[in-house]
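Q: Structure in structure tokens, see below.
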């Protein structure tokens with residue numbers, strides 16, 4: 001992204017945060033120990049302002065993806081499985097689940113038909129993922 005466009009977007013971003021902070025002011029000190037409780041909107045605005053460089057890293061570093069959804073998705077299913085089932089019964093079962101999930105995630109990222117890949121795997125001919 002050209003520097004002039006990035007500067008424009010960062011300026012607009014700062015303006016939007018300022019507007020949000022005006023509409024969601026920080027709670028004043030309550031006189032009790034510790035920090036006063038803030039609203040969810042105020043906490044979000046504070047994080048967006050504090051981590052501006054991280055939020056906009058995709059615009060300065062071409063190697064950084066726009067979102068981290070793939071990384072989150074890789075962890076999400078095992079956490080759901082753990083919550084729904086109350087956990088894995090054995091370490092061996094957890095390891096098997098992670099291996100299968102990792103393989104299917106890789107095949108999905110490479111555009112393979114997962115159902116077809118599973119059929120071939122059960123027939124003893126698992127398709128191999130392409131190496132980078």
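Rule-based calculations on the coordinates, nothing more; no lab input. Note that the structure is predicted; figures quoted are calculated from it, not measured.
Q: If I stretch the segment between residue 52 and residue 131 completely, what's the gain in nm (0.36 nm per residue apart, minus their alpha carbon distance), one decimal?
A: Roughly 25.0 nm would be gained on extension.
Q: From zero outward in steps of 10 Å, how is the percent of C-alpha pairs of the stretch 3-60 spread across the bins?
A: So the P(r) values, bin by bin, are 22, 42, 25, 10, 2.
Q: Provide the gained length on full extension for the span residue 18 to residue 43, in nm with one decimal, where the gain is 0.36 nm per separating residue minus the Cα-Cα distance. All intermediate terms of the calculation are to be shown ahead of the outcome.
A: Working: separation 25, 0.36 × 25 = 9.00 nm, distance 1.36 nm.
Answer, rounded to one decimal: 7.6 nm.
Q: On full extension of the chain, what length is gained from residue 60 through residue 106, given 0.36 nm per residue of separation minus the C-alpha to C-alpha distance?
A: 13.8 nm
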